[in-house]
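> Before I ask anything, here is the structure I am working with.
The values are calculated or read from the model by the stated rules, or taken from the named source; none is laboratory data. The structure presented is a predicted model; accordingly, all values stated were derived computationally and were not measured. All Cβ positions, glycine included, derive from the backbone under ideal geometry; neighbour counts span all protein chains shown. Side chains included, ligands, DNA and RNA excluded: accessible areas come from the protein's heavy atoms. Shrake-Rupley method; radii C 1.70, N 1.55, O 1.52, S 1.80 Å.
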Amino acid sequence: DNGESRGSLLIFILISLLAGVLSGITGPIVKSTLQNVTLPQMRGQAFALLNTFDDFGRGLGPAFVAWMIENMGGRQKAFNIGVGGWIFCGILNGMLFWTVEKDEENVRSAVESMLIQHKDCISTGGFVEEESLEEKSSLHQDWSVKDNSVSILDILEVSRFT
């Protein structure tokens, strides 16, 4: 009987450690992904929305769990529902795998286009012809893209003028 309880305790500790490690990974992944798939001029709004819902969950989550414990017949049912919510969010985060690269490419292309427009506006005194933008995009990639990455200084410069 004592050996069985030790085995159960060991399994409980291992599951708890794994759950703690895996739940701590979510925050940095979500924030870095949000940074990479959001246009520079929209990042402030996107992060404000993320932080609002994150803080809302942290603040009201314990009160909601306490309500569930009281009204749903115990701690186990309430915490099972909470874990079910984590699993659902984990599945949604996992589904980003199929869309994030395309979204990052779209943002990179949009930033590159903004940089070309900005540099053209400076060089022409503020006038840019629409039909020339696509031609200049392929001709002047070295202005904004080095090794398929956009400089953070370029992004800050563009977001200042848009």
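> May I ask you to derive the FRET efficiency for Glu105 and Leu18 from their Cβ-Cβ distance with R0 = 35 Å, giving the value to the nearest 0.05?
E between Glu105 and Leu18, to the nearest 0.05, is 0.55.
> Could you go through the range 21-36 in sequence order and give the Karplus-derived ³J(HN,Hα) for each residue, using 6.51 cos²θ - 1.76 cosθ + 1.60 with θ = phi - 60°, rounded to whole Hz, and x for Gly and Pro?
Calculated HN-Hα couplings, in order: 5, 5, 6, x, 6, 4, x, x, 5, 5, 5, 5, 5, 4, 4, 7 Hz.
> Using a basic spin-label model with each label point 7 Å from the Cα along Cα→Cβ, how many nm lie between Gln41 and Lys77?
Using points 7 Å along Cα→Cβ, the separation is 5.2 nm.
> Ala63 to Asn51: extension gain in nm, 0.36 nm per residue of separation minus the Cα-Cα distance?
Once the chain is fully extended between Ala63 and Asn51, it gains 2.4 nm.
> Something else now. Rounded to the nearest whole Å³, what is the per residue volume of the convex hull around the Cα atoms of the range 1-128?
Spread over its residues, the Cα hull of the range 1-128 gives 136 Å³ apiece.
> Taking a probe of 1.4 Å, how large is the accessible area per residue of the range 51-123, in Å²? Each step should come with its number before you reach the end.
Working: 5370 Å² over 73 residues.
Accessible area per residue: 74 Å².
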